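> Before I ask anything, here is the structure I am working with.
The values are calculated or read from the model by the stated rules, or taken from the named source; none is laboratory data. What you see is a predicted model, and the numbers here were worked out from it, not measured in a lab. Every residue, glycine among them, receives a Cβ derived from its backbone with ideal geometry; neighbour counts consider all protein chains shown.
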Amino acid sequence: MNWITKIIKAGEKIKTAIRERASKEDIASSDWTSCCKGPILKKELEDNLWVCPSCNKHHRIKPGQRFDILFGKNNYEILETPIPKDDPLNFVDSKPYKERLKSARKKTGHKCSMVVASGSINNIKITAISSDFDFLGASIEAAEGEAILYAAQYSIENRQPLLICTSGGGMRMQASMISLSQMPRSILAINELKKHKLPYIVLLTDPTAGGISASYAMVGDIHMAEPGALVAFAGARVIQGTVREELPEDFQKSEYVEKTGFVDLIVQRKDLRKKIGTILSILLNKNSAINSSANETSEDSRTLTKAAS
């Protein structure tokens, strides 16, 4: 290969990179996105709760969009959570970690990847956590650990159930052991919540993986999942390379995880509010139909006891 050919090929690579960059920016700022049948209006997708009307793909959504669906538009309070010191390890890879944090905050408008809110479902006040995948892949570091601890403490102090909508690829490598320590810290917070006999509900969304699925995502009283969500620990290719066997086609999808017993039920996004409300009513013994049925059963039991005596 002569020098002229090398220059031409390098030029083509630069042109391709520019086109790809422009394409991503254009899509982000346009009124359109894409799904199974090609372009689709973002407004049309939003009107259907960011679920494709053709293939039922549940697109990833922001914490604010999640809370709007669960509680009603702007019908909730965002809670400020503690933010520890940035980058205590002064980590640098291709660029400093502090720069990555700055970019993520500018892109999402959040201080960390987790947002905590308080709102009502079925007239039951709850605390909810939702993650933003656009914030460094919703990975977990000290600030996210503090958000979980704060949410659990807030739930305990206000006698509210805790709902967590999981998303992310696991612990954030830039913080090393500080990130990994959030796994036991989050479990301790959830155990404290359970000591106070408050329900802990987990909603698994796409994707939930790594240290997230190995900690607070799998210790709920009830595990729900959106259709088609990736729920995993290690990647499918890693597992297949280890066991040297072909994996099922839907391996690590929420439907498969339900079959293997790690998920209690798959719930369409449009049904989440109603389903969560029903479950909380049962767990908190606030369902009038159940109460009346229980009373009737008790009365029947007393009648039978008298008859027998």
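> Between a residue in the stretch 186-205 that is of a type in the set (V, I, T) and any residue that is loosely packed, with under 15 Cβ neighbours inside 10 Å, which pairs come within a Cβ distance under 8 Å, given they are 6 or more apart or on different chains?
As it stands, the answer is I187/V219; I190/V219; V202/V219, since those pairs meet every condition given.
> Answer with yes or no whether E246 is surrounded by fewer than 16 Cβ atoms within 10 Å (Cβ to Cβ) and either touching an Asp or Glu at 6+ places or on another chain (Cβ under 7 Å) or not in a helix (DSSP H, G or I) (or both).
Yes; evaluated as a whole, the condition is true for this residue.
> Quick one: D206 ticks every box in (1) in a strand (DSSP E or B); (2) under 19 Å from D86 (Cα atoms); (3) among the charged types (D, E, K, R) bar one, so which box is it?
Only one criterion is unmet by D206, namely (2).
> Just the residues that are in contact (Cβ under 8 Å) with a residue 12 or more places away in the chain and either surrounded by 18 or more Cβ atoms within 10 Å (Cβ to Cβ) or under 29 Å from G38 (Cα atoms) (or both), please, taken from the stretch 62-86.
K62, P63, G64, Q65, R66, F67, I69, L70, F71, Y76, T81
> Does G170 satisfy the criteria of being farther than 25 Å from K270 by Cα, of a type outside the set (K, R) and in contact with a strand residue (DSSP E or B) (Cβ under 9 Å, 6 or more places away or on another chain)?
Yes: the conditions hold for G170.
> Would you say A147 is in contact (Cβ under 8 Å) with a residue 40 or more places away in the chain, among the aliphatic types (A, V, I, L, M), within 22 Å of K197 (Cα to Cα) and crowded, with 21+ Cβ neighbours inside 10 Å?
Yes; evaluated as a whole, the condition is true for this residue.
> Still on this structure, please answer the following. With modelled with pLDDT of 95 or more, surrounded by 13 or more Cβ atoms within 10 Å (Cβ to Cβ), on the phi > 0 side of the Ramachandran plot and not in a strand (DSSP E or B) as the only criterion, which of G277, G228 stands out?
So the residue among G277, G228 that is modelled with pLDDT of 95 or more, surrounded by 13 or more Cβ atoms within 10 Å (Cβ to Cβ), on the phi > 0 side of the Ramachandran plot and not in a strand (DSSP E or B) is G228.
> Just for the stretch 231-243: of the residues that are more than 16 Å from T208 (Cα to Cα) and surrounded by 12 or more Cβ atoms within 10 Å (Cβ to Cβ), which one is farthest from the chain's Cα centre (by Cα)?
Across the stretch 231-243, the extreme among qualifying residues is Q240.
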